[in-house]
Amino acid sequence: MVKLIKNWLESQGIGGKWSVCLTNIIMVIFVILISWILYIIVKRILIKSMEAFAARSKTKWDDILLKNKVFERLIRIVPALVVHAFAPAFGSYQVLIQRIAFCYIIFIILLALDKLLDTVNDIYSNFEVSKVRPIMGYLQVLKIIAYVIGSIVIIGILLNRSPWFLLGSIGAASAVLLLVFQNSILGFVAGIQLTSNNMVQLGDWIEMPKYGADGEVKEISLHTVKVQNWDKPIITIPSYALVSESFKNWKGMEEAGGRRIKRSICIDITSVKFCTAEMLERFEHIQYIKEYVEDKKKEIESYNEENGIDSTNMVNGRHLTNIGTFRAYVESYIKNHPKIHKGMTRLVRQLEPTEKGIPIEIYVFVNDTVWANYEAVQADIFDHIMAVIPEFDLRIFQNPTGYDLKNIQMEYMHGDSAGKA
């Protein structure tokens, strides 16, 4: 074909160097047109066939292949094959053109392989096991290996050297490579440890204050773990940091089905006292502690009679206190609450008194681990407890506020005016 073009040019009176130059230009245009036409034809036939097959198929893998455009990348090899086939037409440039075309083919294969590995990850993500054993980190390692090998082959082709020679040179520079790929190596090792030890999974709620992370794990890759905080920003944590440093994983709480409440209410010490007969009679009308009060009254009366206790003074013998009865009420209230987990610890205890009073701590588990629901249950419980405290002649400890100081001042002024009068 080259001779035909050259002879035609010479017949038109164009000879010498001009005929050679114009022949090459015409051939370049011809090769480009053939490459473009074949690319369009193959693309339409292959892509249309795949779309039709995917529409009839019930599986999802073919849809994901189309979505990730794996075949569209492979089709780009067609122009390179055409150029490689027509390279002999360019004479002394044949070897160079074929080398460049072959390098381009390898590069396109690497890009297609990259998308193919993404497709494998997308298909794998549809299975439940992907949350427990994510493979993105391993696939990224395969990508790095593929790109490294592909780069070595391309350089070897361009320099006309054996890839094994280049591999030997790289071996001599292993220290530099270790430095360059330090984060990738650390991330790969960390990924293996995270997966094998089941330390973190997709969807886990983790908390890592050093990095400002407090939310749900969205992605585990070779280098990073992405966490979406509850206020929606995405925090990126190095994979190896989850192995080398401590973090809190709330997965155990979610799997157990109970979320802990551990909160105290401080009772004013000066409001603690023995229960009088009038108080006990009033307490007997409280449903949650009616049986408790009746049983305790009988038990205490029996004990005092058997031991000859002088009941004229409350200090002698045994007597119910308002704080003890209040604690019994809270225990019964918690026990009967529909949102408290019945299979986990339920504890209402009195802690050591402090300058802020006597702490009564509620230690229970809510049977709903959803954050908003948990907070609502906790608020409802403590709303009720704070409202019921005065019924036991108790007071919640609170530092004086401006309102309290104003009342004290008003009482003082009122008393001073009455004295002068």
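The values are calculated or read from the model by the stated rules, or taken from the named source; none is laboratory data. This is a predicted model, so every value here is computed, not measured. Ideal geometry is used to build each Cβ from the backbone, glycine not excepted, and the neighbour counts take in all protein chains shown. Keep in mind that these areas ignore ligands, DNA and RNA; they rest on the heavy atoms of the full protein, side chains included. Shrake-Rupley method; radii C 1.70, N 1.55, O 1.52, S 1.80 Å.
Descriptive notes on the structure:
- Förster radius 41 Å - calculated FRET efficiency between S49 and L347, Cβ distance, rounded to 0.05: 0.05
- Restricting region 57-105 to trypsin sites (Lys or Arg not before Pro) in coil, as DSSP defines it, with at most 12 other Cβ within 10 Å: K58
- Solvent-accessible surface of region 297-363, averaged per residue with a 1.4 angstrom probe and all protein chains in place: 60 square angstrom.
- Portion, in percent, of the accessible area of region 24-112 that falls on carbon or sulfur, probe 1.4 Å: 72 percent
- For the pair I34 and E216, a Förster radius of 60 Å applied to the C-beta separation gives a FRET efficiency near 0.65, rounded to the nearest 0.05.
- Cα-based reach from K48 at 20 Å (exclusive), listing lysines while leaving out same-chain residues under 8 positions away: K58, K60, K67, K69, K115
- The H on the amide N of F365, modeled in the peptide plane, is under 5 Å from the matching H of I261, H341, each at least 5 residues off or on a different chain.
- R395 long-range amide H proximity, modeled H, under 5 Å: D268, S271
- Modelled label positions at A387 and V370, each set 7 Å beyond Cα in the direction of Cβ, lie 2.3 nm from each other.
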